[in-house]
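Novice: Mind looking over this structure? Questions follow.
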Ligand code: NAD
């Protein structure tokens, strides 16, 4: 399938995990892809190596830094000759009881997960308006857009904010052909989840809460992004599609525990 043939794309945080899978999937669907990374040039090079030859290149930037984001967009649009799709994927988290959170960590998580996606969306929308042919912004959110995440309050706040950003930008630019959507992954096997993915006991505990009984793969998330980036999603804007094996379905209600049966 070449649903993204001719599309120019920037994927942030694409040196590992879901971002890497998205960048490779998009290139395989025909897109030219700028692979943003912060640290880990090796990972970004591996992303490009996983693409059909000549369809990707790397670009370094911290998405939370305005001057670096501006320089990245100048570089990317010059090399690609424009931009059609931005994927805001970069994200970080750090567990900590909420009453012990250091404001430096709070600010960093909001900086990467919320300020960064807004900065990149702002730059992308400026390019889209100048080009005058619409465009697509996609945000990698989380089930924690709607499910509270104790001990990860900074992360949870950013994903809740991301929902509002997705909907607000979608409404503001709908009449200019710019679509803004999000994907909300559940528990996915990537480096952000090193705490449990290689530990059978911990992984079993995580998977016992997932109605489909298993964690997801990065490719299962990348395919949703590919659909939303493509013209097949031409009438969808302001939405979050949850790809989570049923995690958002209030799994505890599988058993009718309060109906008197
Ligand atoms: P990951 O750690 O492999 O990916 C995060 C990427 O962001 C890394 O490549 C990292 O280098 C990059 N990054 C960090 N700070 C950056 C910065 N300042 N500038 C640019 N890039 C930066 O983990 P992942 O699971 O692939 O996470 C990708 C996205 O998916 C995140 O936004 C995360 O919140 C979201 N997500 C993941 C899961 C999951 O279970 N894995 C679930 C829901 C949402």
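The values are calculated or read from the model by the stated rules, or taken from the named source; none is laboratory data. Only a predicted model underlies this, so the values are computations on that prediction, with no experimental measurement involved. Ideal geometry is used to build each Cβ from the backbone, glycine not excepted, and the neighbour counts take in all protein chains shown.
Novice: Restricting attention to segment 182-215, report how many residues are more than 8 Å from the ligand (Cβ to nearest atom) and touching a strand residue (DSSP E or B) at 6+ places or on another chain (Cβ under 6 Å). Give the derivation first.
Specialist: First pass over segment 182-215, keeping only residues more than 8 Å from the ligand (Cβ to nearest atom): 182-183, 194-214.
Narrowing further to those that are touching a strand residue (DSSP E or B) at 6+ places or on another chain (Cβ under 6 Å): 182-183.
Going through segment 182-215 one residue at a time, the tally reaches 2.
Novice: Looking only at segment 215-236, count how many residues are surrounded by fewer than 19 Cβ atoms within 10 Å (Cβ to Cβ) and assigned to a helix (DSSP H, G or I).
Specialist: 6
Novice: Take the residues in segment 17-42 that are under 20 Å from residue 221 (Cβ atoms), over 17 Å from the mean Cα position of the chain (by Cα) and at pLDDT 95 or above; name whichever of them is surrounded by the most Cβ atoms within 10 Å (Cβ to Cβ).
Specialist: That would be 31.
Novice: Do any residues in segment 103-129 that are free of Cβ contacts under 8 Å to residues at least 40 places away in the same chain have Cβ atoms under 9 Å from those of residues that are assigned to a helix (DSSP H, G or I) and within 12 Å of the ligand (Cβ to nearest atom), where the two are at least six apart or on different chains, and which pairs are they?
Specialist: Within 9 Å, the pairs are 107/154; 122/69.
Novice: Just one of (1) away from the ligand (no atom under 13 Å from the Cβ); (2) touching a helix residue (DSSP H, G or I) at 6+ places or on another chain (Cβ under 9 Å) trips up residue 53, so point out which.
Specialist: (2)
Novice: Counting residues that are closer than 20 Å to residue 17 by Cβ, which helices (runs of 4 or more DSSP H) fully inside segment 39-126 reach at least 2?
Specialist: Values: elements: 41-49, 66-80, 103-110.
It comes to 41-49, 103-110.
Novice: Got at least one residue in segment 127-134 being in a helix (DSSP H, G or I) and surrounded by 18 or more Cβ atoms within 10 Å (Cβ to Cβ)? Step through it out loud before you land on a result.
Specialist: Within segment 127-134, the subset in a helix (DSSP H, G or I) is 127-131.
Next, only the ones that are surrounded by 18 or more Cβ atoms within 10 Å (Cβ to Cβ) stay: 127-128.
Yes, segment 127-134 contains a residue that is in a helix (DSSP H, G or I) and surrounded by 18 or more Cβ atoms within 10 Å (Cβ to Cβ).
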